[in-house]
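Novice: Got a structure here, written out as structure tokens. Questions coming.
The values are calculated or read from the model by the stated rules, or taken from the named source; none is laboratory data. Predicted model only: the values in this text are computed from it and were never measured. Neighbour counts are summed over all protein chains in view; Cβ atoms, including those assigned to glycine, are modelled from backbone coordinates with ideal geometry.
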């Protein structure tokens with residue numbers, strides 16, 4: 001059983017930092033709380049007592065969202081459900097609605113937050129590869145001498161391994177900023193041990209921009225998780241495909257490239273097969289959503305992986 005003695009709901013960052021300082025070493029920061037009970041159960045026997053839970057989900061700054069043609073700013077308490085409900089977010093972050101559909105179930109999506117998914121630093125986190133593909137940066141804040149000091153890190157550097165991040169003592173993740181990519185085709189592929197409430201064995205985010213004719217790959221963003229201790233940007237594959245004429249043969253070649261990156265402790269051969277299939281399906285689906293010329297993708301390839 002999880003036992004909490006106090007549950008605090010600060011209404012501002014100043015109140016949150018004051019509560020963190022007062023209960024240092026006795027508290028846990030929460031927002032949607034969807035990972036709190038699993039955390040308490042994992043590898044622990046008997047009751048787990050957290051003296052103070054500090055719920056930051058009501059802080060206005062952490063709920064702000066801004067979207068324009070170039071950048072997106074997401075307050076850390078933005079819910080996963082927002083990517084399905086907000087058309088502006090769906091347009092700017094074209095892989096995220098497909099990620100959100102796969103994310104747990106309806107009730108959890110409404111509660112779960114983007115900041116919590118990042119700070120949890122699970123190798124199987126769904127939202128992280130999508131945001132890394134958008135060149136995301138995290139904004140971190142702390143109280144220094146009575147003033148709020150802020151710094152930024154690339155999300156790819158912030159997540160350092162299972163349950164390990166670049167979050168310093170006394171810091172909160174307050175926001176995520178990333179590239180807006182309207183006009184890109186997006187895809188998100190995921191597989192796990194079961195059909196519902198799936199925890200990823202592999203997940204892949206794909207973003208594709210084509211030329212006006214739908215023939216040439218002008219830009220490409222790829223990020224993968226579940227194959228090692230942290231999400232990876234597939235920069236080598238991006239470089240290989242960028243500027244190339246779209247064709248079935250080209251995608252077949254690209255699909256083979258990430259296999260050597262599989263470094264998970266279990267089921268490596270299975271994951272390599274999954275990665276190849278996901279690469280093909282993700283590239284095909286994202287290219288189609290970006291307006292690909294149908295003649296560039298053979299019916300056989302689409303039938304097998306589309």
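Novice: What strands (runs of 3 or more DSSP E) completely inside segment 121-220 contain at least 1 residues that are on the phi > 0 side of the Ramachandran plot and modelled with pLDDT under 95?
Specialist: Once the strands (runs of 3 or more DSSP E) in segment 121-220 are filtered for at least 1 residues that are on the phi > 0 side of the Ramachandran plot and modelled with pLDDT under 95, what remains is 159-161.
Novice: Here is a follow-up. Taking the residues in segment 17-36 that are assigned to a helix (DSSP H, G or I) and surrounded by 16 or more Cβ atoms within 10 Å (Cβ to Cβ) as candidates, determine which candidate is farthest from the chain's Cα centre (by Cα).
Specialist: Per the criteria, the residue is 19.
Novice: Sticking with this one: Tell me, please, whether a residue that is assigned to a helix (DSSP H, G or I), on the phi < 0 side of the Ramachandran plot and either free of Cβ contacts under 8 Å to residues at least 40 places away in the same chain or surrounded by 15 or more Cβ atoms within 10 Å (Cβ to Cβ) (or both) can be found in segment 242-249. Reasoning before the result, please.
Specialist: We begin by selecting, within segment 242-249, every residue assigned to a helix (DSSP H, G or I); these are 248-249.
This time we only want the ones that are on the phi < 0 side of the Ramachandran plot, so: 248-249.
From what is left, the residues that are either free of Cβ contacts under 8 Å to residues at least 40 places away in the same chain or surrounded by 15 or more Cβ atoms within 10 Å (Cβ to Cβ) (or both) are 248-249.
Checking segment 242-249: at least one residue is assigned to a helix (DSSP H, G or I), on the phi < 0 side of the Ramachandran plot and either free of Cβ contacts under 8 Å to residues at least 40 places away in the same chain or surrounded by 15 or more Cβ atoms within 10 Å (Cβ to Cβ) (or both).
Novice: Of the numbered conditions (1) crowded, with 21+ Cβ neighbours inside 10 Å; (2) within 15 Å of residue 186 (Cα to Cα); (3) at pLDDT 95 or above, residue 234 fails exactly one; give the number of that condition.
Specialist: Of (1) crowded, with 21+ Cβ neighbours inside 10 Å; (2) within 15 Å of residue 186 (Cα to Cα); (3) at pLDDT 95 or above, only one is false for residue 234: (2).
Novice: Residue check, residue 14 against (1) farther than 24 Å from residue 148 by Cβ; (2) assigned to a helix (DSSP H, G or I); (3) not assigned by TED's automatic domain parsing to the domain that holds residue 140, all met but one. Which one?
Specialist: Only one criterion in (1) farther than 24 Å from residue 148 by Cβ; (2) assigned to a helix (DSSP H, G or I); (3) not assigned by TED's automatic domain parsing to the domain that holds residue 140 is unmet by residue 14, namely (1).
Novice: Here's another thing I want to ask about it. Is there a residue being out of contact with any helix residue (DSSP H, G or I) (no Cβ under 9 Å at 6 or more places or on another chain), at pLDDT below 95, closer than 25 Å to residue 6 by Cα and not assigned by TED's automatic domain parsing to the domain that holds residue 289 anywhere in segment 85-108?
Specialist: Yes, segment 85-108 has at least one match.
Novice: I'd like to check which helices (runs of 4 or more DSSP H) are fully inside segment 38-110 and have at least 1 residues that are within 14 Å of the chain's Cα centre (by Cα), touching a residue at least 60 places away in the same chain (Cβ under 8 Å) and surrounded by 22 or more Cβ atoms within 10 Å (Cβ to Cβ). Explain how you work it out, then say what you get.
Specialist: Working: elements: 82-85, 87-92, 96-102.
Hits in segment 38-110: 96-102.
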